[in-house]
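Novice: This structure is in structure tokens; I'll ask about it shortly.
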Amino acid sequence: AWTYAVGEISEEAQKLLDVTEQALFEGLKMARAGNRIGDISHAIQKYVEKFGFSLPREYTGHGVGREIHEDPIVPNYGKPHRGPLLRKGMVIAVEPMVNAGVKETITLSDGWTVVTSDGRLCAHYEHTVAITDGACEIFTTL
């Protein structure tokens, strides 16, 4: 997933896009063997919240394997040094979703469309990566 702006956008919208994209890379810095899922989660949360944005709790990254969505769950919030241990060879999707306002979301009557409960903007960026002993290997590049 990758969020793109269409046409002219507000300064707040641009800031939301910039913060969300950088939050992805802040999380990926922690995606290495020997760290824990919580290290990724905490890096994302710490970066996002210092700009006054929020992270919906219902949507997370995930493991990738025989199925596209597998364990472990990779939250965008959490405490460092907690959660499953990252091992060399694991493949995970790290995907911060960041709301400009409150963290709560609403699923519309079509059962698919999700909006923020306060009607403000949300951005989403994602990379699928392999865990290595050093920097993770990004599989999804544009």
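The values are calculated or read from the model by the stated rules, or taken from the named source; none is laboratory data. Since this is a predicted model, take the numbers as computed values, not measurements. Positions of Cβ are generated from backbone atoms using ideal geometry, with glycine treated the same way; all protein chains shown enter the neighbour counts.
Novice: Determine whether region 116-124 contains at least one residue that is touching a Lys or Arg at 6+ places or on another chain (Cβ under 9 Å) and either among the aliphatic types (A, V, I, L, M) or modelled with pLDDT under 95 (or both).
Specialist: no
Novice: Which of the residues spanning region 42-81 are in contact with a strand residue (DSSP E or B) (Cβ under 7 Å, 6 or more places away or on another chain) and among the small types (G, A, S)?
Specialist: Passing the criteria: S54, G61, G63, G65.
Novice: Considering only residues that are in contact with a Pro (Cβ under 8 Å, 6 or more places away or on another chain) and surrounded by fewer than 17 Cβ atoms within 10 Å (Cβ to Cβ), which ones fall in region 99-123?
Specialist: Within region 99-123, just E104 meets the criteria.
Novice: While we're here: Scan region 1-58 residue by residue and report those that are among the aromatic types (F, W, Y), closer than 21 Å to G78 by Cβ and more than 15 Å from the chain's Cα centre (by Cα).
Specialist: Across region 1-58, the qualifying residue is only F51.
Novice: Tell me which of these T128 doesn't satisfy, since it passes every other one: (1) loosely packed, with under 11 Cβ neighbours inside 10 Å; (2) within 16 Å of the chain's Cα centre (by Cα).
Specialist: (1)
Table: residues versus (1) assigned to a strand (DSSP E or B); (2) under 16 Å from the mean Cα position of the chain (by Cα).
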| residue | (1), (2) |
| --- | --- |
| E67 | no, no |
| I73 | yes, yes |
| N76 | no, yes |
| K79 | no, yes |
| R82 | no, no |
| G89 | no, no |
| I92 | yes, yes |
| V102 | no, no |
| D110 | no, no |
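Novice: Residue by residue through region 30-54, note down the ones that are crowded, with 22+ Cβ neighbours inside 10 Å and in a loop (DSSP other than H, G, I, E, B).
Specialist: A31, F53
Novice: Return the residue satisfying two criteria in turn: it lies in region 4-28 and is within 22 Å of G134 (Cβ to Cβ) and free of Cβ contacts under 8 Å to residues at least 24 places away in the same chain, and of such residues it is surrounded by the fewest Cβ atoms within 10 Å (Cβ to Cβ).
Specialist: If we take residues in region 4-28 being within 22 Å of G134 (Cβ to Cβ) and free of Cβ contacts under 8 Å to residues at least 24 places away in the same chain, then F25 is surrounded by the fewest Cβ atoms within 10 Å (Cβ to Cβ).
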